[in-house]
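Working notes for the structure below.
We did not get these values from a lab; they are worked out from the coordinates using the rules stated. Treat the numbers as computed from the prediction; the structure is a model and nothing was measured. Because the Cβ atoms are built from the backbone with ideal geometry, glycine has one as well, and the counts that use them run over all protein chains shown.
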Amino acid sequence: MLSLGIETSCDETAASVVKDGRVVLSNIIASSLKLHQKYKGIIPEIASRAHIESISLVTKQALKEAGVKIRDIDLVCVTQSPGLVGSLLVGISFAKALSFALKKPLLGIGHLEAHLYASFLSQPKNGARPKKADIFLPCIGLVVSGGHTSLYHISENFNFRLISATTDDAVGEAFDKVAKILNLGYPGGPVIEKLARKGNADSLRFSCATSQDLGFSFSGIKTAVLYRSQVIGCRSQVADIAASFQKAVVETLVEKSLLACERRKIAALVVGGGVAANNYLRNRLKEEARLRNVDVFFPDFALSLDNAAMIAGLGYQLYKRGKRSNYYLSPEPS
Ligand code: KG4
Ligand code: ZN
C-alpha cells in the first residue's frame, strides 16, 4: 500500500511516498528558512506564502522520485496539528483536493506523534533491503522539537498517551534562544552543537529546574545563559557557554526519559524531533540507556528534522487500525 504524506506545519514544505508504512520511497523537502533568517525566527505569513509556491512542485517531485504515478497512491496523509495555522491550512487544503480528485482516503496526522514514528521508517538505498523494524511496542517516546518537549507512552496500536511536557520553553526553543543571546544565528541547535565541540562542558555550572518530576523546564537555563553572556570576555568563553548549556539540557533529557522507562517498566525508548539530530544527545542517551538495559532508537538524520515520510508512515499504521478523516478536517494549531 502506498501512502502520500504532506507536511507544512512550519517552514518546510515536504512530500513523501512510503510503502506499507515502513519503506521510504521518496522524501522531498523545500525549506523557506533563508527567507526568515534575517528575522532570527519564523515569520508565519512568509512561511504560508512559500508553502503555496512549493507544494505542487514538491509533491510532483516526491512521486517522480518514488517512480509512481499519482493514481497509484492509496492514501493521502497530512499534518493536522500542531503548527502555524496558515501553514497547516495550505497542506490540508492541498491534501483534501488530492483525496477528493483521486477518490482516495484522507487522514489528518499529529506532527509530534509522527516525529516519534520516524524511528520505525527505513530508507533503502541503491536497492538495499530495508532493515527489519526491531522496535518493540509498547515503548516510551521522547519528543524534542522546536516547539515541544514531551514524553509519551506508545501502545501496541500506536496510541500515544502524553506522560509529561515542558512547563515553559521547549528544548529546541532553548537552543534557538541561547544562540540568539550569543549572536550565533538561527536555527540555534546546529550552531551550538558545532561550537560546543570546541568548548569545555564542565567549565560552567548550568542546570535545568529538576523539581518538575517527569516534566521539563528550559526557561531558567536560558536566563542563566543571558546573565553569563553579559560578563564574557573572549570567543573561547562563548564555546564554553555553548558546551556547558548543551550538557545541562541533555542531562535533563537523559535523566527524565530513562526515569519514565523505569516507572512504566518499559525497556525501549524512541526519540524524535529536530533536537534528535544532536550527536551529543544521541551519544549520551545511548551510553546511559545501555547501563540501564534500555534500547534507545533514533531516526536516520534525514528523518529527525521535519519531513513528510513520518506523516505518511504513521498515517498507514493508523489507517490500518481504522482511523479516517473527512472533509471537515481543519488545522489544530496547538
Ligand atoms: O522538529 P523540528 O525540525 O521542527 C519543529 O517541529 O519544531 O525542530 C526544529 C528544532 C529547532 O529548534 C532547532 O534549533 C533544533 O530543532 N535542532 C537542533 C539540532 N538541529 C536542529 N538542536 C540541537 N542540535 C541539533 N543538531
Ligand atoms: Zn517538527
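Subtract the Cα-Cα distance of K40 and K194 from 0.36 nm times their separation in residues, and report this length gain in nm to one decimal.
Values: separation 154, 0.36 × 154 = 55.44 nm, distance 1.85 nm.
My answer for the length gained is 53.6 nm.
Spin-label pair L291-I232: with each label point 7 Å from Cα along the Cα-Cβ axis, the two points sit 2.8 nm from one another. In terms of its C-alpha gyration tensor, the stretch 175-232 comes out prolate, because a/c is 1.5 or above and the ratio a/b outweighs b/c.
Placing R0 at 41 angstrom, the Cβ-Cβ distance between E53 and K265 gives a FRET efficiency of 0.25 after rounding to 0.05. Between rounded, prolate and oblate, where does the stretch 253-317 land on the alpha carbon gyration tensor, with a ≥ b ≥ c its root eigenvalues, rounded for a/c under 1.5, else prolate if a/b exceeds b/c? Taking the square roots of the gyration eigenvalues as a ≥ b ≥ c, the stretch 253-317 is oblate. Per-residue ellipticity at 222 nm from helix content only, as computed over the chain with -39500 (n - 2.57) for each DSSP H run of at least four residues, stands at -13500 deg cm²/dmol. Residues F158, F94, arranged from fewest to most other Cβ atoms within 10 angstrom of their Cβ, appear as F158, F94. Spin-label model, T210 to L137: label points 7 Å out along the Cα-to-beta-carbon direction sit 3.5 nm apart. Remark: the stretch 141-153, residue by residue, has Karplus-estimated 3J(HN,Hα) of x, 10, 9, 10, 10, x, x, 9, 9, 9, 10, 10, 9 Hz, where x stands for each Gly or Pro and the curve is 6.51 cos²θ - 1.76 cosθ + 1.60 at θ = phi - 60°.
Which peptide among 202-208, 246-252 comes first, and what is the full order, when sorted by highest mean count of other Cβ atoms within 10 Å? Kindly include the intermediate steps, with their values, before the conclusion.
Working: 202-208: 15.4, 246-252: 22.1.
Listed from highest to lowest mean packing, they are 246-252, 202-208.
Quick check for you: which residues of the stretch 81-117 have the amide N under 18 Å from the point 7 Å beyond the Cα of R324 toward its beta carbon? Counting backbone N atoms under 18 Å from the label point, the list is 96-109.
In order along the stretch 318-334, the Karplus-derived 3J(HN,Hα) couplings, from 6.51 cos²θ - 1.76 cosθ + 1.60 at θ = phi - 60°, round to 6, 4, 4, 9, x, 6, 9, 10, 10, 7, 8, 3, 9, x, 10, x, 10 Hz, and Gly and Pro are given as x. Compared with the alpha-carbon gap, the fully stretched path from D74 to N157 is longer by 27.8 nm at 0.36 nm per residue. Once backbone amide H atoms are built at 1.01 Å from N, S164 has L151 as its partners under 5 Å, excluding neighbours fewer than 5 places away on the same chain. Once you have the Cα-Cα distance between N283 and Q61, take 0.36 nm times their residue separation minus that, and quote the gain in nm to one decimal. Gain on extension, N283 to Q61, equals 76.5 nm.
Counting every alpha-carbon pair across the stretch 202-275, the share separated by more than 15 Å comes to 61%.
Grab the eigenvalues of the alpha-carbon gyration tensor for the stretch 1-151, scale each by 5, take roots, and send me the semi-axes largest first in whole angstrom.
Equivalent ellipsoid semi-axes, largest first: 24, 21, 15 Å.
Checking the Cα-Cα distances for K40/K247; K265/K320; K96/K256; K198/K286 against a 32 Å cut-off, the pairs over it are K96/K256. Restricting attention to the chain, close to 60% of DSSP beta bridges with both partner residues there are antiparallel. Once the Cβ-Cβ distance of F301 and S203 is raised to the sixth power relative to R0 = 25 Å, the FRET efficiency obtained is 0.30. Projecting the alpha carbon convex hull of the chain along each direction and taking the average yields 16.6 nm².
Using only the Cα atoms, what convex hull volume per residue in Å³ does the stretch 182-334 have? Working shown, then result.
On the way: hull volume 24.6 nm³, N = 153.
Residue-normalised Cα hull volume stands at 161 Å³.
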